[in-house]
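Let me begin by presenting the structure, written as structure tokens, before commenting on it.
Every read-out reported here was derived from the displayed coordinates using simple, explicitly stated rules and does not represent laboratory data. Keep in mind that this is a model prediction, so the values were computed, not measured. FYI the Cβ positions are ideal-geometry reconstructions off the backbone, even for glycines, and counts take in every protein chain you see.
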Amino acid sequence: MATQYPDFAVWQRARLSGARLDGELAHWKGKLAGAVAPELPLDRPRRGEEAGEGAVHTFAVPARVATRLRDLAGERHGTLHTGLVAAAQALLARWSGQDDITVGSLTPGRSRTDLERTVGFFVNTVVLRTAVDTSGSFRDLLAGAAETVGDAFAHGDTPFERIVEAVGAPREAGRNPLFDVMVLLHPDPPAASAPRGLATSPVTVPRQAATFDLSIEFVPDGDGLTGLLEYRTDLFDAATAERMAGQLLRLLEGVCDAPDRPLGSLPLLSDEETRRLVHDWNPAPLPAADTTYPGLFERRAARTPEALALVAGGEELDYGTLNARANRLAHHLAAQGAGPERLVALRLPRTADMITAILAVWKSGAGYLPLDPALPEERVRFLLDDARPALVLDEAALGAVPPTAPDTDLTDADRRAPLDPDHTAYVIYTSGSTGRPKGVAVSHRAAAHLLAAHRAGFVAEAGGGPLRVALTAAFSFDTSLEGVLLMADGHPLHLVDEVTRMDPAALVEYVVAHRIDFLDVTPSYLRQLLPAGLLTDPRHRPRVLMLGGEAVGPALWRELAAHPDVAAHNFYGPTECTVDALSCRIDGGDRPLVGRPLPGVRAYVLDDRLQPVPPGVGGELYLAGAQLARGYAGRPGLTAARFPADPFGGPGSGCTAPATWPAGPPTAASTTSGAPTTRSRCAATASSPARSRPRCSRCPVSPPPRSSPCPTRTATAVSPRTSSRRPAPPGPPPPPCGRPCVRCCPTHWCRPRSPRWTRCR
């Protein structure tokens, strides 16, 4: 050979120096400024370890697909390699939700004919960065990919290490700079000769290491291609690699069959996978009683009248006494104008009177609106003007209740109208951090379903109870409902006073002194309670912890998992889905999980076209089922927009589209690396789930015509501080539901707007 590898090395070094090298590096700096590797659907989080053990999943690309892909690339002045790179970038865009996709590839480095048969390592790594618009077609992407590949190969002699230095790419242990995925098209395998008449055959050398997170390689095999998906076994499971290869094949077939179709609309999942994600992974609905909470509580009071029901300050009330006290107030409220589809604002201190008032409002048929006495007057005025409650119950009004009021349970004859499970039980206002605060109206049916879900969930796991429950949340937060609901199942409620609930040491002492079994707190507050001895005091520790409102960090997750005698549960849910929608028992694992849907709740992780995303891929979380709120009080237009119909439920079902979820691992539970926001959209129906943006599951997507108005959408409102009724301001007409009932719901779809969720596996 006239040219040897040392000759090439000397020539290349002389060529890539001085002004020429500076120009090449400047070119790459401009191309790669701000480049970020796309997020991958990892099974396990990175541990900062160098790439090590790996494995390969082999798949076949049919000849028809390979030929069609070559032809499509040729139309854009590209090659088969260009088409494969574009397809891989399209898949990564779908996985990550990013529109700026960077992958790696290799140049052969033998640009001169006299180097073609020279022995030596000529290849060089190049970075391919392409903008991917999933609303555009594959033909459009091919044009961009062809330009990217051509430009990279034209500047492909620049050493990759020098490019990394020039770009200033951040170095991270166990991760390649600039890209995580390599895409390669190998040349045709050389035909082996048979020297001296000996028979020869190729031998496959098994790969047991992985250089990159993923390497997508293609080898010509006749008219088709053999695909090799090499993956790091510390990040991916074999089943995940197989699933990824299947999605790539499905995408390749899709772009070849419909190259002008939007990339985001091409299917990645088979019909069987879609059925599993939408139906099999969602729990069956619970046979919750078609009743109201007052009915549940009154049956409990009749069954165990002398059992302890409420502890508040120095006051202890049994079920019989608490029920009678609530009945007297309920009769008074009904006489003052409270009733179904009306609100009573409660501005009371944190005493037994507050619990009594909630029960009394429910018994009268009305819904309650909590007003924290510590709220600024401006906030109180806004809530009263917006909600227009029929009555405002404060300490002065409470003192006006006649002692001669009946203490018997109210019947529909005592109320202004019959009480229906779909009537509003309470209205909780959002904080308004994303705009004007919204009042979320939740029905008795939804509250009863939440109680049934807890009964079948952590209560059953704890032996069925009774559990001594501590209520530490402010009543302006929907999680305060948990303890009140549990009373109906015989769990005594301890209403922790204002001073004690804000003092970690005092709260731990209260838990010990009263032998509290169940505590519902935020993770940040729990981090203050643990040093105070919540789980280490030898005298007593709670049996059940419910965490919610924030993301549970990995350190706290591991610490709680180290206490197997305490059942800690991570809960997530938007106000629009009656407090809780997803839950998970904290019992170890590599990362925090948000969990599975509660019984009766359906959860879907969907893309921006409202189609299910593959396991481990980020998307919008939609919730549906019996716990969905009725909507936003007095805002029918917003309700219609945020509570769309459930495309995967039966006729009349709706859902809510909650927060986006960060991409995470493919486990049976959803995962999150951060707290999702609670901007929610819901589909209104008598029942549905979610604590972010729900969709409902009981309204047909194409509803039949209806002839009569729905009471749910035409309730009268009463101005605050008076019992005189006046009609609510007119709004959009209620959506058709096919029958004159209170169970109708909007059937409009909405586009999610919030953080990304991860499809659980």
Based on the mean of other Cβ atoms within 10 Å per residue, sort peptides 412-424, 392-404 so the most packed one is first. 412-424, 392-404
What's the extension gain from Ala131 to Arg609 if we count 0.36 nm per residue and subtract their Cα-Cα distance? 170.1 nm
For the stretch 402-473: span of alpha carbons on each principal axis (Å, largest first): 43, 41, 26
Protection proxy (average C-beta count within 10 Å per residue), highest first, orders 84-97, 15-28 as 84-97, 15-28
Cβ-defined net charge surrounding Glu315, 14 Å radius [Lys, Arg +1; Asp, Glu -1]: -2
Once you sort the root eigenvalues of the Cα gyration tensor of the stretch 441-488 as a ≥ b ≥ c, which label holds: rounded (a/c under 1.5), prolate (a/b larger than b/c) or oblate (the other case)? oblate
Specify the inter-centroid distance of the stretch 137-182 and the stretch 33-53, based on alpha-carbon positions, in whole Å. 16
How do 447-456, 606-615 rank on mean C-beta neighbours within 10 Å, highest first? 447-456, 606-615
Hey, with R₀ at 35 Å, roughly what FRET efficiency would Glu378 and Ala506 work out to, going by the Cβ-Cβ distance, to 0.05? 0.65
Computed Rg/Rh of the stretch 197-329, alpha carbon atoms with Kirkwood Rh: 1.42
Charge context of Pro466, other residues only, Cβ under 10 angstrom, K/R +1, D/E -1: -1
Run the numbers for Arg171 and Glu49: contour at 0.36 nm per residue of separation, minus the present Cα-Cα distance, in nm. 42.7 nm
Checking the a/c ratio against 1.5 first, then a/b against b/c, what shape does the Cα gyration tensor give for the stretch 230-292? oblate
Each label sits 7 Å from Cα toward the beta-carbon; between Ala562 and Arg13 the label points are separated, in nm, by 5.5
Once you have the Cα-Cα distance between Ala239 and Asp100, take 0.36 nm times their residue separation minus that, and quote the gain in nm to one decimal. 47.3 nm
Whole-number percent relative contact order across the stretch 437-522, with pairs defined as alpha carbons under 8 Å at least 6 apart: 32
I want to check the label-to-label distance for Asp318 and Thr211. Put each point 7 Å from Cα in the C-beta direction and report it in nm to one decimal. 7.9
Name the lysines eligible as straight-distance cross-link partners of Lys438: C-alpha to C-alpha under 28 Å, and not fewer than 8 places from it in the same chain. Lys363
13 Å beta-carbon shell around Val103, net charge (K/R +1, D/E -1): -3
Sort the stretch 447-521 into rounded, prolate or oblate with this rule: let a ≥ b ≥ c be the square roots of the eigenvalues of the Cα gyration tensor; rounded if a/c is under 1.5, and if a/c is not under 1.5, prolate when a/b is larger than b/c, oblate otherwise. oblate
